[in-house]
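Here's the structure we're looking at; comments come further down.
The values are calculated or read from the model by the stated rules, or taken from the named source; none is laboratory data. Keep in mind that what you see is a predicted model, and the values were worked out from it rather than measured. Cβ placement follows ideal geometry from the backbone for every residue including glycine, while neighbour counts extend to all protein chains displayed.
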Amino acid sequence: MNREKYDELSERVGDQEIDRWYIKSQEVFRKQSVQTEDDFIKLVAFAYSWMPTIPEWRGELDWNTCSKALEDLKKGNLTVRKELLRLTVPCINNSIVGASKVLHFACPDRVPIIDSNVVIGWRALFFPLGVRRQSSNEMAALPVDFGAYGSNEEKRNRHIDLYVKYWDNLLSWCGVLGDVSIRDIETKIYILGKQISEEVKQANQVS
């Protein structure tokens with residue numbers, strides 16, 4: 001993770017931008033105050049306007065613990081991340097993807113978003129030969145099925161750990177670059193993944 005790798009990512013993405021709805025809505029969503037559980041529910045609705053899914057609320061959220069962890073995270077306390085994710089993911093559609101968007105809107109300067117396109121882009125950038133053939137203790141080895149854990153709590157927690165490691169990787173990369181935000185990097189990775197996804201779809205249609 002250095003300037004050269006970022007330049008490679010930027011070159012592969014070119015001047016392509018994310019969908020206009022994301023650009024139009026993200027600043028609105030990020031400005032919402034989160035003081036109550038009702039405010040948090042609004043962020044869930046906002047987050048799922050970025051996803052082709054109607055969310056399910058799958059359990060009772062320990063809001064007192066969650067709100068304290070959110071405040072700690074806003075202040076830069078990264079030690080609360082796993083606790084916060086293990087509180088929110090099971091409630092928010094049992095989805096790390098959904099939770100990452102919600103937490104990004106709550107703490108936009110702290111939390112990166114992850115989804116299937118980000119995973120594809122990340123793997124293409126850092127694991128082009130596959131995570132098993134290019135094992136790395138430093139980089140988050142995101143599996144192809146990241147986020148697909150169903151009711152398997154152990155696998156869900158393992159994926160949460162991988163997401164936090166990916167998060168740490170982005171923070172380290174930002175530290176090296178100095179003039180680039182987490183959102184800037186993550187957006188480029190998303191665009192790269194989406195490009196690859198569309199190329200695969202077109203190839204399958206031809207074949």
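Answer yes or no as to whether ILE18 is in a loop (DSSP other than H, G, I, E, B) and of a type outside the set (Asp, Glu).
Numbers: in a loop (DSSP other than H, G, I, E, B): yes; of a type outside the set (Asp, Glu): yes.
Yes.
Of the residues ARG58, ARG81, ARG86, ARG12, only one is of a type in the set (Lys, Arg) and closer than 30 Å to GLU198 by Cβ; which? Explain how you work it out, then say what you get.
Values: ARG58 fails: closer than 30 Å to GLU198 by Cβ; ARG81 fails: closer than 30 Å to GLU198 by Cβ; ARG86 fails: closer than 30 Å to GLU198 by Cβ.
Sole residue among the options that is of a type in the set (Lys, Arg) and closer than 30 Å to GLU198 by Cβ: ARG12.
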Tell me whether region 185-195 contains one or more residues that are surrounded by fewer than 19 Cβ atoms within 10 Å (Cβ to Cβ), closer than 14 Å to ARG123 by Cα and over 14 Å from the mean Cα position of the chain (by Cα). yes
Residues of region 1-31 classified as more than 16 Å from SER100 (Cα to Cα) and touching a residue at least 60 places away in the same chain (Cβ under 8 Å), total: 13
Of all residues in region 64-99 being among the β-branched types (Val, Ile, Thr) and within 28 Å of PRO143 (Cα to Cα), the one that is surrounded by the fewest Cβ atoms within 10 Å (Cβ to Cβ): THR79
Just to verify a result, which residue in region 36-54, among those that are more than 17 Å from the chain's Cα centre (by Cα) and not in a helix (DSSP H, G or I), is modelled with the highest pLDDT? THR36
Report the residue count in region 57-98 for those that are among the basic types (Lys, Arg), at pLDDT 95 or above and under 19 Å from the mean Cα position of the chain (by Cα). 3
Among the residues in region 151-166, are any among the aliphatic types (A, V, I, L, M), more than 24 Å from ASN2 (Cβ to Cβ) and without any contact (Cβ under 8 Å) to a residue 60 or more places away in the chain? no
